[in-house]
1. Restricting attention to the range 27-40, does a residue exist that is modelled with pLDDT under 85, surrounded by 10 or more Cβ atoms within 10 Å (Cβ to Cβ) and under 13 Å from the mean Cα position of the chain (by Cα)?
2. Has the range 67-74 got at least one residue that is buried (at least 16 other Cβ atoms within 10 Å of the Cβ) and either in contact with a Pro (Cβ under 7 Å, 6 or more places away or on another chain) or at pLDDT below 90 (or both)?
3. What tally of residues in the range 41-80 results from selecting those that are farther than 21 Å from residue 119 by Cβ and not aliphatic (A, V, I, L, M)?
4. Among the residues of the range 50-72, are any out of contact with any Gly (no Cβ under 7 Å at 6 or more places or on another chain), of a type in the set (D, E, K, R) and not in a helix (DSSP H, G or I)?
5. Just give me the residues in the range 50-94 being of a type in the set (Val, Ile, Thr) and in contact (Cβ under 8 Å) with a residue 24 or more places away in the chain, in sequence order.
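The values are calculated or read from the model by the stated rules, or taken from the named source; none is laboratory data. The model shown is predicted, which means the values in this text are computed figures rather than measured ones. Note: ideal-geometry Cβ built from the backbone for every residue, glycine included; neighbour counts use all protein chains shown.
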Amino acid sequence: MTERLVIAAVIIVAGALAWVALNRLALRRLHDRAPRDPLLRTVRPGAPTIIYFTTPSCAPCRTQQMPALKQLQAEFRAPLQVIQVDATEDTDAADRWGVFSAPTTFILDRDGRPRHVNRGVASADVLRRQLEAVS
């Protein structure tokens, strides 16, 4: 019985480490390519920015992620820029940014470089902490 628990724990830890490594690798790749990315031409310099990938059929995007983003925009001191990208229409951008599923949010620093990625729904609290970390 304990052997199975140990094996399960090892698998869980390995999966979590692989997930963290995947996200860090994606951010490093995006950081290197950011100056040339056409999506970032719309970013206002010096403004905190969230790039939000969604799809028309994404229910969690409409019911959870979008309300969290609107809450942040209402309460954030500095003007918060949210760039919404339909991953089904702009598949090139979704591929460049490594989007696997919707919703996916990227937090950019004031220089327009990606610093955090959230795959799946990210609460307003999580996004707020990430934005404060890069401000």
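1. Scanning the range 27-40 turns up at least one residue that is modelled with pLDDT under 85, surrounded by 10 or more Cβ atoms within 10 Å (Cβ to Cβ) and under 13 Å from the mean Cα position of the chain (by Cα).
2. As a first pass, look at the range 67-74 and keep what is buried (at least 16 other Cβ atoms within 10 Å of the Cβ): 68-69, 72.
Still in the running and either in contact with a Pro (Cβ under 7 Å, 6 or more places away or on another chain) or at pLDDT below 90 (or both): none.
Among the residues of the range 67-74, not one is buried (at least 16 other Cβ atoms within 10 Å of the Cβ) and either in contact with a Pro (Cβ under 7 Å, 6 or more places away or on another chain) or at pLDDT below 90 (or both), which makes the answer no.
3. Of the residues in the range 41-80, 10 are farther than 21 Å from residue 119 by Cβ and not aliphatic (A, V, I, L, M).
4. Of the residues in the range 50-72, the ones out of contact with any Gly (no Cβ under 7 Å at 6 or more places or on another chain) are 50-72.
Then drop every residue that is not of a type in the set (D, E, K, R), which leaves 62, 70.
If we keep only those that are not in a helix (DSSP H, G or I) as well, we get none.
No; the residues of the range 50-72 include none that is out of contact with any Gly (no Cβ under 7 Å at 6 or more places or on another chain), of a type in the set (D, E, K, R) and not in a helix (DSSP H, G or I).
5. Quick first cut of the range 50-94, residues of a type in the set (Val, Ile, Thr) only: 50-51, 54-55, 63, 82-83, 85, 88, 91.
Selection gives 50, 51, 54, 55, 82, 83, 85, 88.
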